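Chemist: My questions all concern the structure below.
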Amino acid sequence: MKIGIDFGTSYSAAAALVDGDVRTIRFGEERQFRTTVYFPEAVPDPSQFELTDALEAEVEAQVRNARTQQTRAINEAQARREHAARLPAEQREAALAMIPTPAQRSEQDLRRDAVRAVRRQWLELQVREARASAASLQNAVYGEEAVEAYLSEGFGNLVQSPKSMLGYQLAPHVRQTIVGIAGYILEHIRLTAGQQLGANVRRAVLGRPVQFRSSLGAAGGDQALEIMTEAAASAGFDEVSFLEEPVAAALGYHAQSADRHRTLVVDIGGGTTDITLAEVGGPQAPVVLGSWGIARGGVDVDLSLSLSRFMPLFGKGATRVPAHHYVEAATVHDVVRQREFQRRDSYREVDAPFGPRLISLQQAGNTTRLSRAVESTKIQLSTQGDSRATLDYIERDLALASTADDLARAADPFLGNLAELLHEVGAEITAELGEAPAAVFLTGGMSRAPYVRETVRQCFPNARQVAGDASLGVVSGLAFAAAREV
Ligand SMILES: Nc1ncnc2c1ncn2[C@@H]1O[C@H](COP(=O)(O)OP(=O)(O)OP(=O)(O)O)[C@@H](O)[C@H]1O
Ligand SMILES: [Mg+2]
């Protein structure tokens, strides 16, 4: 059986066509899950070494052993010296020169070396155990539960939005890790879908953005597709193909449109904004006329809101802490930047309250908590005039009140990018593609935000706005595509 998979920056979903109807796969109670995975294995941390009773006994045994060896070596050297003293004078000197002088080390030195050796053995064991359990898929937790597990355990690895990393320059071992993580997620989807569909799932159509988030230009997109293809193979898929996400959404919209018309599909997600112009509806097959995209989405609004509203609580703009430290702290999907932020040790010198707050922010889970608070603030301010975030995990009674104006300022750069893209699309349609769209079909999580809809309305004032299912628009279309490719 062939399924459609929407591997999203923020949320992932899967669906298949069963007897002509779209059947979305459930993940727990939901039809999508946060694209996040938690591996409970703690990465071995040498600073956690503690001399338990068992390890103390091991140290004592090693000290005893070293002491015995030392005494034996001293006694042996003494015996050899006595033997040499009895030799004829001409042989004595050469014999004495052959006798080593054994080190006579203090009890303190013997103990220090024993502790070092025991600590090294302990660390090697931790590494072996972590490797053995990391090989087991059963320990991974996905979606919202992954975040909860990570926050309650306070150790292990949480990987959020791996799609955001696919198009970036990656060191070979980081690339390998990302292939592995994407593979785990795809395998989770494949097995869950197989169970619910009662079939062996080995083929899929994967959605892809028109433009991946990338630091490598077009090569970043190629790398992203290579990584996803490798990940799918490791997840047990025999065959995968890719379809642009807005084209998929157009197929889904086509299936629910009785009348033929020209529509602009606008999919505004977490990481990217993707657009397709298509003729849809009625008995004829849909016709795709063009696709456009930018690597901008909801996470850019989150980052902007975090830097403008939340990070000043940690001294941004008021201390000498370099601005990029705040970007590192706010970029939770970037494992390398997160590690850099967590390892910085200069915040003890930053004045209160900012220094202690930054040190709190470095504690396991707190950048994740903060990014959740930022996203909730953004979502609440879509429908409310104000919102209050509680940050008591940073400092007792710390809270931040924000207003719709704060969000408007933070969202402004993104809305500017969106309007620019829509104007380019509009100009290209007028110049080359003729008729203007009669409808604009909106999907993607960010299309729930009224300010986003308003921006689209202003750019295409004469088109009827159709609110599609914000979460399932793309995956429904991918299910049709999968059925077509059988
Ligand atoms: N009511 C809302 N108001 C504002 N933003 C929202 C709302 N609901 C969800 N979002 C945002 O929508 C984004 C997620 O959208 P979606 O699930 O379509 O993304 P995705 O498919 O995972 O990402 P992409 O397609 O870019 O890879 C997140 O940034 C989320 O915060
Ligand atoms: Mg999407």
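The values are calculated or read from the model by the stated rules, or taken from the named source; none is laboratory data. Treat the numbers as computed from the prediction; the structure is a model and nothing was measured. Because the Cβ atoms are built from the backbone with ideal geometry, glycine has one as well, and the counts that use them run over all protein chains shown. These area figures cover heavy atoms from the full protein model, side chains too; ligands, DNA and RNA do not enter into them. Shrake-Rupley method; radii C 1.70, N 1.55, O 1.52, S 1.80 Å.
Chemist: What fraction of the DSSP beta bridges in the chain is antiparallel, stated in percent and rounded to the nearest 5?
Modeler: Once the DSSP bridges in the chain are tallied, antiparallel ones form about 65 percent.
Chemist: Then there is this: Could you give me the ³J(HN,Hα) list for the range 468-484, computed from phi with Karplus coefficients 6.51, -1.76, 1.60 and θ = phi - 60°, whole Hz, x at Gly and Pro?
Modeler: x, 5, 4, 8, 10, x, 6, 5, 4, x, 5, 5, 5, 4, 4, 5, 5
Chemist: Related question: With axes computed from alpha carbons, what is the tilt in degrees of helix 245-255 against the longest principal axis of the chain, rounded to the nearest 10 within 0 to 90?
Modeler: Relative to the chain, helix 245-255 is tipped by roughly 40 degrees.
Chemist: Separate question: In debye, nearest 20, what is the charge dipole magnitude of the chain about its Cα centre with +1 on Lys and Arg Cβ and -1 on Asp and Glu Cβ, if you could check?
Modeler: 1080 debye
Chemist: Cα extents of the range 261-412 along the three principal axes, largest first, in whole Å?
Modeler: The Cα atoms of the range 261-412 stretch 68, 35, 24 Å along their principal axes.
Chemist: In deg cm²/dmol, rounded to 500, what helix-only [θ] at 222 nm does the chain give when every DSSP H run of at least 4 residues adds -39500 (n - 2.57) and the total is split over its residues?
Modeler: -16000 deg cm²/dmol
Chemist: Provide, in order from the shortest bin, the percent of all Cα-Cα pairs of the range 317-384 in each 10 Å bin, continuing until the bin that contains the maximum pair distance.
Modeler: Whole-percent P(r) values from 0 Å outward: 19, 48, 26, 6, 0.
Chemist: Here's something else I'd like to know. If a/c stays under 1.5 just call it rounded; otherwise compare a/b with b/c (prolate if a/b is bigger, oblate if not). Do that for the range 387-486, with a ≥ b ≥ c from the square roots of the Cα gyration tensor eigenvalues.
Modeler: Since a/c reaches 1.5 but b/c is at least a/b, the shape of the range 387-486 is classed as oblate.
Chemist: Summarise the accessible area of the chain (1.4 Å probe, protein heavy atoms) by the percent that is carbon and sulfur.
Modeler: 49 percent
Chemist: Starting from the amide H of Gly8, placed 1.01 Å from N in the peptide plane, find each other amide H under 5 Å away whose residue is 5 or more places distant or on another chain.
Modeler: Here Ala13 satisfy the definition.
Chemist: So if I place +1 on the C-beta of Lys and Arg and -1 on the C-beta of Asp and Glu, and nothing else carries charge, what would the dipole magnitude of the range 47-134 be about its Cα centre? I want it in debye, nearest 20.
Modeler: Here the range 47-134 has a charge dipole of around 240 debye.
Chemist: Have a look at His254, Gly297, Gln284 and report the one farthest towards the positive end of the charge dipole of the range 249-302, computed about the Cα centre with Cβ charges (Lys/Arg +1, Asp/Glu -1).
Modeler: Toward the positive end, the furthest listed residue is Gln284.
Chemist: Quick check on packing: order 434-444, 81-91 by the mean number of other C-beta atoms within 10 Å, highest mean leading.
Modeler: For the peptides 434-444, 81-91, the packing ranking is 434-444, 81-91.
Chemist: For the peptides 394-401, 474-481, 328-335, 174-181, what is the packing order when you average, over each peptide's residues, the other Cβ atoms within 10 Å and list the highest mean first?
Modeler: The densest-packed peptide leads the list: 474-481, 328-335, 174-181, 394-401.
Chemist: Farthest toward the dipole's positive end in the range 47-134, which of Ala77, Leu110, Gln121, given Cβ charges of +1 (Lys, Arg) and -1 (Asp, Glu) about the Cα centre?
Modeler: Of the options given, the answer is Ala77.
Chemist: Bin by bin, in steps of 10 Å, what percent of the Cα pairs in the range 47-134 do you find, going until the bin that has the longest distance?
Modeler: Answer for the range 47-134: a P(r) of 15, 29, 21, 17, 12, 5, 1 percent.
Chemist: On to the next question. Find the all-direction average of the projected area of the Cα convex hull for the chain, expressing the result in square nanometres with one decimal place.
Modeler: 33.1 nm²
Chemist: If Rh is defined by the Kirkwood formula over all Cα pairs and Rg also comes from Cα, what ratio Rg/Rh do you get for the range 220-317?
Modeler: Using only Cα positions, Rg/Rh for the range 220-317 is 1.15.
Chemist: Sticking to Cα atoms, compute the Rg of the range 1-97 to one decimal and its Dmax as the biggest Cα-Cα distance, whole number, in Å.
Modeler: 36.0, 107
Chemist: Please compute the per residue accessible area over the chain with all protein chains in place, 1.4 Å probe, rounded to a whole number of Å².
Modeler: 49 Å²
Chemist: Would you work out which of Val374, Ile359, Ala193 lies farthest towards the positive end of the dipole of the chain? Charges go on Cβ: Lys and Arg +1, Asp and Glu -1.
Modeler: Ranked along the dipole, the leading option is Ile359.
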